[in-house]
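Enquirer: Structure in structure tokens, see below.
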Amino acid sequence: MGKHTEQREQKAEATTFMATNGRRQVEKDDDDFVDVDDSSLQTNQANYAWEEEYKRSWDVLQEDEHGSLAGVVNSLQKAAKRKRQLRDTDPIQRGIIRHLFILIDLSNAMQEKDLRPSRLSLTFTYLEAFIAEYFDQNPISQIGLIGTKDGLAEKLTELSGNPTDHIKALKMKKFMETGGEPSLQNALELARNSLIHVPAHGSREILVIMGSLTTTDPGNIHDTIARLMQDNIRASVIALAAEVQVLKFLSTQTKGTFGVAMNEGHYRDLLFEVIPPTAITTTKASANLVQMGFPARCNDSAATLCACHGKLTLGGYKCPQCGSKLCDIPTECDICNLTLVSSPLLARSYHHLFPVENFVEVPWKDAAMTTACFSCQKTFLSPHKVSVQLQSTTDAGRYQCKLCEKTFCTDCDVFIHDVLHNCPGCLSQPRRRAGGVIA
Amino acid sequence: MTSVITSVCLLNYKDDSNLLVIVIDTNPFEWEHPSAPLKLNLALKHILAFMNAHLAGRHDNRLAVIASHVGASKFLYPTLNEPTPGSKVQTKKDANVYQVFKVVNDAVLTGIAKLLQDPRPTLEEKDLGSSKIAASLSLGLCYINQALKSDGMGHVKPRILVLTVSPDSSSDYIPIMNCIFSAQKANIPIDVCKIWGEDAVFLQQAAHITEGIYMRPDDPRGLLQTLMFSFLPDMFSRSYLHLPGQDEVDFRAACFCHKRIVDIGFVCSVCLSIFCSFSPVCSTCRTKFAFQPLLPSARRLGAKAGASNPGSPRPSSSSTPSAS
């Protein structure tokens, strides 16, 4: 890919930002030279994927006093299931109409194999799942993809609300090619130029996925960061290699999040943390009434051209403002730029506004009060059958809703908070306000 | 010959055991209404026959029954929750009845009898008219989630059937929508049989979004016939049948302020409430809006609507915020 040589003159001498400290969460001043304290490393449980020792999965298992593995295996499984962060359930304003640019590092550093199969292919696999989930949770939001390599930034897809476009782009071979150094500044400026045209009521966000420890920039990156702050753009960063000072600075200045992926699972967690809409932090009056169209589905007897693809189709949605036919909603009318949605799509976002309260864990001493999960009828392990020693290391596997005082099993707890967003116990009660809705 | 056998095997492979979750609306105010064409005890006979038919269809078909009562929602079968000493005595063997049927029938009948005999809990006015469909759907989805988890092979094909007589309860809009989207995500069809009364709009959307069947029997007294012919076939058989579909579901939105159906509406960017005209403050979330868009039609409407906007309906408490 040596075709961009003539464009390279636009970047001045490469300003290179080196990775500073190799350890996440090490808080140091900007100018300090940070030496990584090796003794603290060993106490730290979660190591980076590349410094992991040879794993013997059987070492984790230890027999209990009866020589049985079942209890240990059970508690391990439960811990894995329960692995979810307790959500913030305060009713706060959330930016539901989001505009997100994902900056993907396509430099040579992405070919590293510390995340298997490689940083790049894992990123693309996760991004496909991410995009599907993002649009599921944020149906009236938009995404754009930007790749950066050879010191340049290139838009892979424009901002759009159609998940299939992005997933198709991610599957294209030509975007999988890597080369040279990434350019953080070029990519950020490209994203910023597209985001400043977004109406003020929508949130403007950038997610940077960076595998490289260096960046080749044409100018001063701090100017770009200042401009991002000025335009109210939030930039979050996931670094795949190590903590890079400039990336961390970027995310803290723009009120984004910063994380270093330690292994494949952690990378996925970091990525998927971006999906729920973030709380609105700015006090600026950015809320507005947005004009939207609710098109009716039409079925013509003869095929007509659609406005979006120019293809002959039978069914479609008719824009109520200009009357042109579009294949699918949600979208923006190509003719008159009206946002077209349907009411169920709006309803899909309501659960962000009325989240389910977190359930509290029931300790073993109170566990005898309930015998079965309220929602799935699964019987709980009776505390009398579990030895005291095992009780001290495991949890009772039952979780209680503070509002309705019904008890749920681990599976249901996860399902209720991650998928369903209704508390069956609260809904089953006569007068209690359902699912956090304050009538 | 072998090709025929393998193709049959392949078909059989798809024809898996079915988990049917039946939600029975037991709202006594509707069933015992003088104008009700079918009383609950008679309807239960039909429903029990249908349940038995489902269990008889395959040896490993599974069933769960949930009652959606006024102000409560409960599992009727299986009930591990409260093993009462009395029920054990009743399920002793009867030489003339297939034991599986008997267990189910007894559990459902005693469960409903207990619900109806319960001293009525203190209810609010708005609870009276409708049953807890959203709660029952949530329970059903949790049950299915657990069943799918414990079934390692992934062969169980779940579906939900809602038998309802009550009208929609507007406060249930968001919970029902949440249920619909989780069902859609997990590929669980929600079939709806509205035994009588006017169309249940929320459940109509549920059936449409999850690709289930929505039906109102022509004559409620022939409930069993409708159940047997339209709702008994599992998803595998349905691909060979031409079942009654529903007409186009209207997904147009109604504004929160006047309940008017709108083509082009204004949506609050914070809480997504729909309004038919511009107002400076969102009546749902009290957000003040930045500026008024320069639209002549909006201005004209805004002037009119400003006076006639006394209430502040929230998406939860307003009746049918979405389609009509």
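Enquirer: Can you bin the range B:183-284 into rounded, prolate or oblate? Criterion: square roots of the alpha carbon gyration tensor eigenvalues sorted a ≥ b ≥ c, rounded for a/c under 1.5, prolate for a/b above b/c, oblate for the rest.
Expert: Numbers: a/c = 3.51, a/b = 2.24, b/c = 1.57.
Verdict is prolate for the range B:183-284.
Enquirer: Can you give the mean number of other chain Cβ atoms that lie within 10 Å of the Cβ atoms in peptide A:346-356?
Expert: Average neighbour count from other chains, rounded to a whole number: 6.
Enquirer: Residue A:313 versus residue B:232, label points 7 Å from Cα toward the beta carbon: distance in nm?
Expert: Computed distance between label sites residue A:313 and residue B:232 equals 4.0 nm.
Enquirer: Hey, could you grab the Kirkwood Rh for the range A:161-269? Inverse mean 1/r over distinct alpha carbon pairs, Å, one decimal. Display every interim value, and only then the final one.
Expert: On the way: mean 1/r = 0.0662 Å⁻¹.
One decimal place: 15.1 Å for the Kirkwood radius.
Enquirer: Greater than 30 Å separation of Cα atoms is the criterion. Which listed pairs, A:325/B:259; B:45/B:259; B:114/B:194; B:39/B:102, meet it? Let's see the in-between values first.
Expert: Details: A:325/B:259 27 Å; B:45/B:259 40 Å; B:114/B:194 24 Å; B:39/B:102 22 Å.
Beyond 30 Å: B:45/B:259.
Enquirer: Over the whole of A:375-388, what's the average partner chain Cβ count within 10 Å per residue? Rounded to a whole number, please.
Expert: Values: counts 10, 14, 12, 7, 2, 0, 0, 0, 0, 0, 0, 0, 0, 0.
Shielding by partners across A:375-388 averages 3.
Enquirer: Would you tell me the mean number of C-beta atoms belonging to other protein chains that fall within 10 Å of each C-beta in B:179-187, as a whole number? Kindly include the intermediate steps, with their values, before the conclusion.
Expert: Numbers: counts 5, 3, 11, 8, 2, 3, 4, 3, 0.
Mean inter-chain Cβ contacts per residue within 10 Å come to 4.
Enquirer: Also, I was wondering about something else. For the residue pair residue A:275 and residue A:297, what label-to-label distance in nm results when each label sits 7 Å from Cα along the Cα-to-beta-carbon direction?
Expert: That separation, rounded to one decimal, is 2.5 nm.
Enquirer: Which loop trypsin sites (Lys or Arg not before Pro) in the range B:11-77, with loop taken from DSSP, have no more than 16 other Cβ atoms within 10 angstrom of their Cβ?
Expert: Values: sites: B:14, B:39, B:45, B:58, B:62, B:74; in loops: B:39, B:58.
Filter output for the range B:11-77: B:39, B:58.
Enquirer: List the pairs from A:402/B:185; A:402/B:74; A:155/A:311 whose alpha-carbon separation is above 22 Å, in the order I gave them.
Expert: Flagged as over cut-off: A:402/B:185; A:155/A:311.
FYI, it's all coordinate maths here, none of it is from the lab. None of the values given here were measured: they were computed from a predicted structure. Virtual Cβ from ideal backbone geometry, glycine too; neighbours counted across all protein chains shown.
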